[in-house]
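Below is one structure; the comments refer to it alone.
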Amino acid sequence: MTEKLKTRCKQGLTIGGMLLAGLLVVQGVSPCTLLQSCGTRGTSGSEECTKAVSTSPDDVLVTVNGTPITRAEVDAELLAAMGIRGQRMSKSDVAAARAELAPRAIEMLVTRTLLQQAADVEDVTVSDVEVAKAIERVSSKLPAGATLDDLKRSLGMSEEQWTAELTQNLRIEKLLGTHGGNLTADPTDADVEAFYAGHPTLFEVPETVEARHILISVDRDADEATRAEKQRQADAVRERLMADNAESFEAVAKEASDCPSAARGGHLGEFARGQMVPAFEAAAFSQDPGAIGPVVETQFGYHIIKVENHTAAKTLKLDEVRERIADRLQAERRSEAFEAYVSQLRSNASIQYADESKAT
C-alpha cells in the first residue's frame with residue numbers, strides 16, 4: 001500500500017511533494033513538474049543540481065531568499081521517496097539511489113520554499129472549511145483500501161504535522177490559482193476539435209478478444225510419450241465441454257486447468273493482438289464467440305479456448321472523447337502556467353547553494 005502512496009510519478013515523489021502532488025493533481029498540474037525544475041536556469045539537470053554533500057543534518061545545502069534548506073530536510077525527502085523499497089535495498093543500492101534522487105529532492109524543496117514565500121508575501125490564507133474539503137479531496141485520490149492514516153504513517157507524520165503540511169499546500173494551491181492567467185481558461189470547442197484532428201492515433205482502439213482457456217501444461221523438456229498423454233488429457237477435457245448437459249466452462253477450468261487463471265474460471269480478460277503467443281492468438285482471434293475451439297498447442301502445453309467477446313478495431317468519435325480531451329488540454333495549460341510562474345519566482349530569487357558557483 002505504501003508503495004502506491006509513494007510512487008505517483010516515475011521520478012518518485014518526495015514528502016512535501018506527496019500532499020502537494022495530490023492537490024496539484026486535482027488542480028490539473030502534474031506533480032512531476034515539482035521534480036523537473038533542474039535545468040530551468042539554462043543548464044543541464046545533472047550539472048545544475050550537483051551539490052556539495054555533507055554529513056551533518058544541520059548543514060545548510062542551499063538558502064532561498066535567506067531561508068535555509070538543510071541536509072536533514074533533504075534526507076527526510078529521500079526517505080519518503082524510497083519508502084519500503086529502501087528497507088529492502090542493500091546499503092550500496094541505497095547510497096546510489098540517494099545520490100540520484102538528492103538533486104531532485106533539493107530542487108523540489110527550492111521550488112516549494114519559493115511558493116511558500118510567495119504565499120506569505122501575498123498573505124494567502126485558507127479557512128477550516130477549505131481544509132475539510134481538501135481532506136475529502138485527498139481521500140478520494142488514495143488507492144483502493146488506503147486511508148488517510150495509512151498516508152500519514154507512510155510519510156512518518158503526526159496528525160499535527162500532517163494538518164500543517166496540508167494547510168501549507170492549500171495556501172500554495174490557492175496561490176497558483178491566482179497566477180494562471182489565460183492559460184487556465186477552459187479549452188474551446190475549436191481547441192478540442194483541433195486536438196482531435198491532429199492526433200488521430202490517440203483515439204484508435206485496437207481489435208480485442210475477451211476469452212477463457214483451460215491449460216494442460218507440458219514441461220518444455222517432456223518426451224513424446226508425455227506430450228501425447230497430455231494431449232489426450234486436453235482432448236478429454238474438451239469432450240467434457242462438448243457433451244450434452246456439459247458443465248460450464250468456468251467450472252471445468254477451475255477443476256482441470258494448470259493456469260493460475262483457473263481460480264477465475266479460466267478468464268484471461270480482454271487482450272489485443274501481440275499480447276499472446278502466436279498460436280494462441282491465431283486461434284482466439286479466429287474463433288466465433290461462445291464456441292469451444294479445438295485444442296491448441298503452444299510452448300506452455302495444450303489449450304482449450306472459449307471466446308467470450310470479439311470487438312473490432314475502431315476509432316473513437318469526437319463526442320466520445322470530447323470531455324477527456326478538454327481535461328487533458330486544461331491540465332497541460334495549468335502545468336504550463338505553473339512552470340512559468342515558478343520560473344518567474346526563480347528568476348527574481350536569491351538562491352545560494354553550498355557551492356557558491358551555483359548561486360543565483
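We did not get these values from a lab; they are worked out from the coordinates using the rules stated. None of the values given here were measured: they were computed from a predicted structure. Neighbour counts run over all protein chains shown; Cβ positions are idealised from the backbone, glycine included.
Annotations for the structure displayed:
- Applying 1/(1 + (r/R0)^6) with R0 = 51 Å to the Cβ-Cβ distance of SER140 and ALA225 gives a FRET efficiency near 0.30.
- Farthest toward positive dipole pole in segment 183-299 [+1 Lys/Arg, -1 Asp/Glu at C-beta], among ALA282, PRO294, PHE203: PRO294
- Shape descriptor for segment 207-312: Rg over Rh equals 0.95 (Cα atoms; Rh from the Kirkwood inverse mean 1/r).
- Given R0 = 25 Å, the distance between the Cβ atoms of HIS310 and ARG232 translates into a calculated FRET efficiency of 0.25.
- Shape metrics for segment 141-283, restricted to C-alpha atoms - Rg then Dmax, Å: 27.3, 76
- Filter on LYS91/LYS141; LYS141/LYS314; LYS141/LYS317; LYS133/LYS174 - keep pairs with C-alpha separation over 23 Å: LYS91/LYS141; LYS141/LYS314; LYS141/LYS317
- Normalised contact order of segment 238-281, rounded percent, pairs of Cα under 8 Å and 6 or more residues apart: 22 percent
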